[in-house]
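Report on the structure given below.
The values are calculated or read from the model by the stated rules, or taken from the named source; none is laboratory data. What you are looking at is a predicted structure, and each value in this text was computed from that prediction instead of being measured. We place every Cβ from the backbone using ideal geometry, glycine too, and count neighbours over all the protein chains shown.
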Amino acid sequence: MVQRTRYIIFLKDIFQLSVTCFGGPQAHFANFLTVLVKKRNYLSDSELIELNALCQVVPGPTSTQTLSAVGYRLGGPSLAYLTLLIWLLPSVAIMTTAGILIASFETKNISMAFTRFIQPMAVGFVAYAAYSIIIKTVTTKRAFALMILAGLATYFIKSPIVFPLILLVSGLVTALNYKAHPREERKKFDVAWSNFFLWGGVLIFAALLGWATKGIPELTLPVRLFENFYRNGSLIFGGGQVLTPMLYTEFVQYAPKKYLTSEEFLSGYAFVQGLPGPVFSFSSYIGALAMRDYGVPGEIIGAIMSAAGIFLPGTFLIFFMIRIWDSLKKFRPIRASLEGINAANAGLVAAAAILLFQPLVINQPVKIVVLNALFTIAAFALTAFTKIPAWAIILIGLAFGLIL
């Protein structure tokens, strides 16, 4: 009974975090430390730091994985999955609603002009994300070169296949430099493969199901959304900022799909920056708009399938990795590969900022170009050099949109 009461209190704390944590994984961690360690003493600060570090080197949403890992430590898989659900539910619900409203406004020809400055401001947020990643991770000439090459590949190759190749090649390049890392004593360890096989099995099953339902559009699209987001969620190192270039290429630029316009994508990205909780909830917005032709029920299904697809792989992988990390991190090539992966991530996000900015200035009147550039710079500067939260910056942009 005492244990059950403790779990209920823990889940209440997770809900509190889900509606109060703004600002991405770095800002989230400070709140996690305050609530989970200092207030409740669920684990020590060193244990939380270790879990957070592990989640940063496993594909998927860092904050989400950290909380799920804490839930796993406290109560096993059942508590971990409840933790995941409660953490993502508020932001996913809001972004699903945003997608439904955007689709409704467009159907009824309601003007979206008041959101005009949200789009360049979203580019400012992405540019700041690139700047932050570069400052923290690109510290050598080799990393700088990999960042540039990754950015160029992202910019010129408009295909989703480029992202896993960039990450794989960049990681292999720096893994060859493993001798620069000190040796650590290694011990033989047993690997519990169940969650790894679960991760791979779901990926294969989703791909086969998509093929089997190819002739039924109302079934194919939800399955395809799940598979697309599951694949992306299995490849993303570095959090929601790195998610942006992958989703933009796959759902806006990639010819067979083009589920969203650039304007819709940027508006959604800006909205999610102002919300508490995981940035990965952006997936539910994209899923809702992708299913707009099937009405509100279809939009809700699209949002649920997309959110499940983006959050599940990181959860499966962290459950797998948490059991073997202490032994795995002693291998020097593993530690060395992180330099290349982080550098490639920086290049992906920097290229995304450029790709997202282009539609705002190409073939536009000079006045619009100037305004868009000013709001992009303003969003970057306010984020980088002030303590104004993202949601307040977005409200400022909406106010200017209404006035002008």
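This table checks each residue for (1) buried (at least 24 other Cβ atoms within 10 Å of the Cβ); (2) within 15 Å of the chain's Cα centre (by Cα); (3) not hydrophobic (A, V, I, L, M, F, W, C).
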site: GLU250; (1), (2), (3): no, yes, yes
site: GLN253; (1), (2), (3): no, no, yes
site: LEU260; (1), (2), (3): no, no, no
site: TYR269; (1), (2), (3): yes, yes, yes
site: GLY274; (1), (2), (3): no, yes, yes
site: PRO278; (1), (2), (3): yes, yes, yes
site: ALA290; (1), (2), (3): yes, no, no
site: GLY295; (1), (2), (3): no, no, yes
site: GLU299; (1), (2), (3): yes, no, yes
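Here is a yes/no grid of residues against (1) assigned to a helix (DSSP H, G or I); (2) touching a helix residue (DSSP H, G or I) at 6+ places or on another chain (Cβ under 7 Å); (3) at pLDDT 90 or above; (4) not charged (D, E, K, R):
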position	(1), (2), (3), (4)
GLY60	no, yes, no, yes
SER68	yes, yes, yes, yes
ARG73	yes, no, no, no
LEU82	yes, yes, yes, yes
LEU85	yes, no, yes, yes
LEU88	yes, yes, yes, yes
ALA93	yes, no, yes, yes
ILE100	yes, yes, yes, yes
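Looking only at helices (runs of 4 or more DSSP H) that lie completely in the range 267-361, which have at least 3 residues being among the β-branched types (Val, Ile, Thr)?
Details: elements: 282-290, 295-321, 325-328, 332-357.
Counting at least 3 such residues, we get 295-321, 332-357.
Please give the number of the condition SER104 fails out of (1) at pLDDT below 90; (2) over 28 Å from TYR294 (Cα atoms); (3) in a helix (DSSP H, G or I); (4) hydroxyl-bearing (Ser, Thr, Tyr).
(2)
Could you identify the single residue in LYS387, LYS367 that is under 28 Å from the mean Cα position of the chain (by Cα), farther than 13 Å from ILE118 by Cα and surrounded by fewer than 17 Cβ atoms within 10 Å (Cβ to Cβ)? Show your work before the answer.
On the way: LYS367 fails: under 28 Å from the mean Cα position of the chain (by Cα).
Matching residue, one of LYS387, LYS367: LYS387.
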